[in-house]
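A short worksheet on the structure shown next.
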There are 2 protein chains.
Amino acid sequence: MRFTSEQSLDDGVVEREFTLGDIPGILWTPAPESVPASASASASAFASEPAPLILISPPPLGLRKVYPRLAGRARYYAARYGFAAATIELPGSGDRPRLAELDQARADLRRVMEAGEPVGDEIVAALVLPLVERAVPEWRTALDALLALPGLGGPVGYEGGVISIGVRLATVEPRIAAACLFAGSLVPRVISEEARQVGIPLQVLLQWDDEGNDRQASLNLYDAFGSKEKTLHANMGGHTGVPQYELDAGARFFARHLK
Amino acid sequence: MRFTSEQSLDDGVVEREFTLGDIPGILWTPAPESVPASASASASAFASEPAPLILISPPPLGLRKVYPRLAGRARYYAARYGFAAATIELPGSGDRPRLAELDQARADLRRVMEAGEPVGDEIVAALVLPLVERAVPEWRTALDALLALPGLGGPVGYEGGVISIGVRLATVEPRIAAACLFAGSLVPRVISEEARQVGIPLQVLLQWDDEGNDRQASLNLYDAFGSKEKTLHANMGGHTGVPQYELDAGARFFARHLK
């Protein structure tokens with residue numbers, strides 16, 4: 001892990017860009033030596049211990065494009081709750097080399113949808129599994145490197161992006177203690193089955209009128225998770241319409257579990 | 001409204017029992033002249049203004065029986081958020097005269113369920129509508145009396161108990177600005193239709209494995225509400241298994257809307 005830039009932002013949060021091999025990433029850490037602005041007991045309890053770390057997995061649109069949204073979340077976590085947060089670019093996204101098989105799978109999906117045909121599990125699997133199989137080991141490597149940094153090493157939460165990556169990571173990576181996932185229906189059958197093995201506390205966001213995801217399939221996936229503590233937060237609106245208040249609800253979910 | 005007892009509790013909250021005609025009730029108000037213990041901006045903003053009032057509608061089990069649960073919620077709201085909270089006994093419950101038609105409807109429901117027959121809308125309507133038609137005017141009368149008290153007169157939230165009462169009250173009572181409802185499926189068709197007219201912000205709790213309510217019917221009712229802002233919080237477990245953290249989530253929902 002090599003840091004390539006560092007700046008202190010006006011909320012005191014320190015933002016550092018890094019590369020991990022050829023994968024670009026960003027790390028946000030709370031203001032050094034400061035008690036977080038929030039007076040909540042959960043936040044001040046972290047002051048003398050390693051900060052909890054939230055892995056924020058981006059959607060596959062390129063970090064540059066989603067930077068404002070990701071940085072907004074990360075800085076809220078850091079400034080208000082004393083969490084560190086980090087993200088890395090997904091395989092095939094942003095400035096990373098494109099993946100021919102993903103491009104092919106996207107073209108196949110588009111053709112099927114334009115023809116009005118049902119989207120079969122084969123197409124979903126071709127679209128999602130290559131991403132999962134590359135991204136999950138990369139996240140685990142990033143986690144090794146991040147937890148070795150001074151001031152980190154606390155409990156780890158995960159949130160993001162492509163729900164299938166979250167499911168696989170929650171299944172194979174025991175250092176992840178809680179996850180906030182965005183419900184979706186473009187999930188291969190093999191991942192839906194893995195969901196039954198997930199045991200960590202989950203908070204699942206669902207957009208009730210998501211134009212890109214089937215509501216019943218998303219509810220079925222929520223139902224499938226094996227976790228004893230799982231909460232579904234369903235809100236009105238389309239895919240990008242998650243209400244602002246869910247940011248704090250997510251932070252409070254992590255504050256409950258990352259101790 | 002006649003107060004029959006008053007005590008200051010150890011958290012500074014003042015609890016007063018009252019009668020409204022022959023209806024018993026309880027009012028909890030924040031410690032006088034104190035800023036609420038919570039340092040949240042939303043709470044301290046209320047310090048110099050009339051306190052928001054949360055109407056806590058009990059389940060039809062009698063106030064005496066559900067007192068610990070209700071008082072726990074009310075005192076949390078008052079001590080942590082500076083809200084006042086009040087409850088009144090439902091018609092036919094607790095020490096109030098039993099209602100023959102409700103007893104008859106309950107016996108009919110039991111017979112149908114024991115016979116394994118489907119519970120038709122006629123039976124649900126007989127069970128629920130007499131309660132709705134009596135309770136709603138009583139809540140409105142209580143609201144008149146409560147809002148006339150010194151220190152009250154702020155915005156009003158509603159939470160509770162029998163969801164059909166909440167739906168009707170949210171439809172006919174414009175002083176209720178936001179409501180936290182407990183999803184259920186024993187809802188007469190006429191009330192499901194009224195749900196489309198509800199326009200205030202809603203937070204709806206649903207217990208995923210509620211032994212007394214059908215999950216899909218509860219989801220359909222959530223879907224039916226006309227409100228632009230509505231959030232569903234679905235949690236694992238049975239009817240009485242609502243997790244403790246939903247108390248604060250409800251308080252924060254009210255804090256967002258009762259300003």
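Explain nothing, just the number: relative contact order of segment B:60-122, from Cα pairs under 8 Å at least 6 residues apart, as a whole percent.
The normalised contact order for segment B:60-122 reaches 28 percent.
In debye, nearest 20, what is the charge dipole magnitude of chain B about its Cα centre with +1 on Lys and Arg Cβ and -1 on Asp and Glu Cβ, if you could check?
With Lys and Arg at +1 and Asp and Glu at -1, about 440 debye.
Two decimals is fine: what's Rg over Rh for segment B:149-190, C-alpha atoms, Kirkwood radius as Rh?
Taking Rg over the Kirkwood Rh, I get 1.06.
Can you compute the helix-only [θ] at 222 nm over chain B? Use -39500 (n - 2.57) per DSSP H run of at least 4 residues, normalise by all residues, nearest 500 deg cm²/dmol.
The helix contribution divided over chain B gives -13000 deg cm²/dmol.
Please figure out what share of the DSSP beta bridges in chain A is antiparallel and state it in percent, rounded to the nearest 5.
45
Please report the base-10 log of the normalised intensity I(q)/I(0) for segment B:70-162, using a Debye sum with one equal scatterer per alpha carbon and no solvent, at each q in 0.14, 0.17, 0.19 (1/Å).
-0.68, -0.86, -0.97
Place the label 7 angstrom along Cα→C-beta at B:GLU133 and in each other copy, then list the distances from the first to the rest in nm, shortest first.
6.6
Along the positive direction of the dipole of segment A:106-239 (beta-carbon charges: Lys, Arg +1; Asp, Glu -1; about the Cα centre), which of A:PHE182, A:LEU152, A:TYR222 reaches farthest?
Value: A:LEU152.
Where the label is 7 Å out from Cα toward Cβ, how close does B:ASP144 come to the same position in every other copy, in nm, shortest first?
7.4
Hey, fewest Cβ within 10 Å first, where do A:THR141, A:THR231 land in order?
Result, fewest neighbours first: A:THR141, A:THR231.
Which net charge results for the neighbourhood of A:VAL128, defined as the other residues with beta-carbon distances under 13 angstrom from its beta-carbon, given Lys and Arg at +1 and Asp and Glu at -1?
-2
Which of B:ALA255, B:VAL162, B:GLY237 sits farthest toward the positive end of the charge dipole of chain B, with +1 on the Cβ of Lys and Arg and -1 on the Cβ of Asp and Glu?
B:ALA255
If we count every other residue with Cβ under 11 angstrom of A:GLN7's Cβ, Lys/Arg +1 and Asp/Glu -1, where does the sum land?
Value of the local net charge: -3.
So if a site counts as exposed when it's one of the GluC sites (Glu not before Pro), its DSSP state isn't H, G, I, E or B, and it has at most 12 other Cβ atoms within 10 Å, what's the longest stretch of chain A without one?
A:34-210
Take every DSSP beta bridge with both residues inside the protein assembly as shown and express the antiparallel ones as a percent of the total, to the nearest 5.
45
Return the ratio Rg/(2.2 N^0.38 Å) for the protein assembly as shown, where Rg is computed over Cα atoms only.
Scaled against compact globular proteins, the figure is 1.07.
Express in % the proportion of alpha carbon pairs of segment B:151-232 at distances exceeding 17 Å.
40
Mind listing which trypsin sites (Lys or Arg not before Pro) in segment B:143-203 are in a DSSP loop and have 15 or fewer other Cβ atoms within 10 Å?
B:ARG175, B:ARG196
Based on the Cα gyration tensor of segment A:101-259, what are the three equivalent ellipsoid semi-axes, each the root of five times an eigenvalue, rounded to whole Å and given largest first?
That gives 27, 20, 14 Å for the three semi-axes.
Put a point 7 Å out from Cα along the line to Cβ at B:GLY116; what are the distances to that point in the other copies, in nm, shortest first?
Ordered by distance, the counterparts are at 4.4 nm.
A short reminder: the numbers here are calculations on the coordinates, not readings from a lab. Just so you know, these numbers come straight off a predicted model, no measurement behind them. Here Cβ is always computed from backbone atoms with ideal geometry, including for glycine, and neighbour counts include all displayed protein chains.
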